[in-house]
Amino acid sequence: MAKKVNSPLEKKKSGVRSVTKKNFVTYLIVIVFYAVFQTLTATGHLKNAYQSLLVPICYSVVMAVSLNLVVGVLGELSLGHAGFMCVGAYCGAFFSVITKDVLMTDWLRFVLAMLIGAAVAALAGVIIGIPVLRLKGDYLAIVTLAFGEIIKTVVNVLYIGKDASGFHIAMSTKNLDMAEDGLLILNGPQGITGTPKSSNFTIGFILVMLTLLIVTNLMDSRTGRAIMSIRDNRIAAESIGIDVTKYKLMAFVIAAAIAGCAGVLYAHNLNALTANTNNFGYNMSIMILVYVVLGGLGSVRGSVIAATILYALPELFRGVGQYRMLLYAIVLIVMMIVNNGAFFVQMKEKALYNIRSGKKNNAKEAA
Amino acid sequence: MSLLEVKNLGIVFGGLHAVEDFNLTLEKGELYGLIGPNGAGKTTVFNLLTGVYKPTTGTFFLDGKELKGKKPAEINKAGIARTFQNIRLFSNLSVLDNVKLGLHNGMKYSTFEGIVRLPRYFSTERKMNERAHALLKVFELDDDVDTLASNLPYGKQRKLEIARAMATEPKLLLLDEPAAGMNPNETKELMQTIRFVRDNFDLTVLLIEHDMSLVSGICENITVLNFGTELAKGPTAEVLKNPEVIKAYLGD
């Protein structure tokens, strides 16, 4: 019997309604994840070591989703995303430290720190974006990488102190020229100490949800379409009157601002904030890029899942000691094959198709 | 006043005069053809008129407004839309989104309104959807709204490109080989569509085409280019009989 075979590949819905539904599934995954781990923590079923992973997972997810806006949606490879996180972290921490004595609830201080971190990171995004976005492809990647490193290096040689006469800024302690009783806030490579530890899993969760709402709503709007059109065909986008420079910069700056927020979350999760290769340098930028690429370029849900799993894995592998990174590499390779290998993709689509048509048949039988 | 006035337009690449001394006057509502052998500079003329290339000499006016040296996006906003010889669609976006991108400058709401989902987002998106569906219906693409542009068959991709250009509400539409790769039936259908949009959307059309049945079928006047210069110009039937033109196409 010749049965009409509908390949699942043929029917690809991308209408307005299915986009919204897809986004809701993503929100739901995050909410369930939060509910489960919050309950586990509250009832004392989660080891302390695992509890301390929750906030870092949140800022990794935020970083991955924001980088996806540049790499997946705009289609430009940026290797300096951790630089914006660094800007946000230092500005947020700086603000929190200098307003410690000012009468303010912790909550309000943290929100203000978040806004300041986002604003300064956005400003850095504008300053870096204007020259960088004139470049294309590999050149853009190289220059963003350089800018990321420059930001990290600058904060490492910056000293800021405060005394009765106001703020002092210098490139070394000698030149700071501060009164004896002054307070050294930013101490070069030693960074900022004494940041209030205001970050927690709930705040992280709220930030992740806000990021998701902003990015998914943006992608499904006039602006998002314009950004994606530049990715797909710049010349055609120009030919229908889309201001390419404006939308490129917009995507870059929004991503930078969100990365700044992630930085503020990061800074308020630690007592001492320093900048090194692993947190704000090249390594971090590449790690985030790995989350984005493995999660799928342009897929917000993919970024969320990949960032969560890939951040947690190396910590969960601690039991195997020195083989930890070896196992991690194997997981990365397996994920790549499963995500993109023709055989697995076909299997996945078939499975999805069966589930869907199964549902329909059940509905028919019930009717 | 004529809609488009091109005066002595020319461009030089290194030592090559790709287009030299190109003159053209288009009246409102005209359907004009631009033909010539391969490499004659037809597409270069389009690239000059849409700001992809900056002319070395000469200038051009749309509705009396000088557009020489303007960026492609500004020229589109001024009222010139085009399609491409090698189709350039937004291949990872749906057919509907491709057309909605054409409406980008016609129907607006701010980025903030889009992110926060204020009422204007919903009302404008609804209007955009209605307008896009209406345009897609003209090109018989209304069954494919949710298909990815890259999954469309070739003929439909060409139509979608025209629909997207039409969405920007141009005064002048430039079509670069709209019938390339189409069979005779599809070409006939396309001719009707082009005439239909010209009559119903208050358009002027300038088209490049190699398919002479299309050119002689719908173009009132044509210009023939050869080696970047104008070889002949005038009513289609007369120009196609011109021995110089026949020689340029077929050789001696």
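A few comments on the model shown:
- Taking other C-beta atoms within 10 Å as the exposure proxy, A:ILE242, A:ILE150 rank A:ILE150, A:ILE242 from fewest upward.
- Between the helical axis of A:300-316 and the longest alpha-carbon principal axis of chain A there is an angle of about 60 degrees.
- Two-site FRET efficiency, A:THR245 against B:TYR154, from Cβ-Cβ distance with R₀ of 30 Å, rounded to 0.05: 0.40
- Ordering B:THR25, B:LEU231, A:THR195 by the projection of their Cα atoms onto the charge dipole of the protein assembly as shown, which places +1 on the Cβ of Lys and Arg and -1 on the Cβ of Asp and Glu, puts A:THR195 at the extreme positive end.
- Taking Cα centre as origin and charging only the Cβ of basic (Lys, Arg, +1) and acidic (Asp, Glu, -1) residues, the dipole magnitude of the protein assembly as shown rounds to 1800 debye.
- Each label was represented as a point 7 Å from its Cα along the Cα-to-Cβ direction; for A:TYR139 and B:VAL12 these points are 2.6 nm apart.
- Pairs of Cα atoms farther than 36 Å apart, chain A, %: 29
- Ranked by how many other Cβ atoms sit within 10 Å of their own Cβ, fewest first, the residues B:GLU209, B:GLU169 fall in the order B:GLU169, B:GLU209.
- Per-residue Cβ neighbour rank within 10 angstrom, fewest leading, B:TYR154, A:TYR159: B:TYR154, A:TYR159
- Gain in span if fully extended, A:VAL36 to A:TYR50, counting 0.36 nm per residue against the direct Cα distance: 3.7 nm
- For chain A, the longest principal axis of the C-alpha atoms and the axis of helix A:54-68 are separated by about 70°.
- Where both bridge residues fall in the protein assembly as shown, DSSP classifies roughly 65% of the beta bridges as antiparallel.
- When exposed loop sites are taken as GluC sites (Glu not before Pro) in a DSSP loop with at most 12 other Cβ atoms within 10 Å, the longest stretch of chain A clear of them is A:181-367.
- Förster radius 41 Å - calculated FRET efficiency between B:THR229 and A:LYS22 (Cβ-Cβ, nearest 0.05): 0.15
- Nearest-0.05 FRET efficiency for B:ARG195 and B:LYS127, computed from C-beta distance (R0 22 Å): 0.20
- Residue by residue along B:73-81, Cβ atoms of other protein chains within 10 Å of the local Cβ number 3 on average.
- For the stretch B:1-96: rounded, prolate or oblate by the Cα gyration tensor [a/c cutoff 1.5]: oblate
- Highest mean first, the peptides A:186-192, B:222-228 sorted by other C-beta atoms within 10 Å per residue fall in the order B:222-228, A:186-192.
- Pair-distance profile P(r), taking every C-alpha pair of the protein assembly as shown, with 10 angstrom steps and integer %: 3, 14, 21, 20, 16, 13, 8, 4, 1, 0
- Spin-label model distance (nm) - B:LYS188 vs B:HIS210, 7 Å beyond Cα toward Cβ: 2.3
- Relative packing of A:274-286, A:319-331, A:254-266, which averages over residues the other C-beta atoms within 10 Å, highest first: A:254-266, A:274-286, A:319-331
- Averaged over B:108-116, number of beta-carbon atoms from partner chains that fall within 10 Å: 5
- Residues of the stretch A:284-300 falling in the label zone of A:LEU332, defined by backbone nitrogen less than 14 Å from a point 7 Å along Cα to beta-carbon, are A:284-295.
Read the figures in this text as sums done on the coordinates, not as results from a lab. Remember, predicted model here, so these are calculated numbers, not experimental data. When we count neighbours, we look across all protein chains shown, and the Cβ atoms used for this are built from the backbone with ideal geometry, even at glycine.
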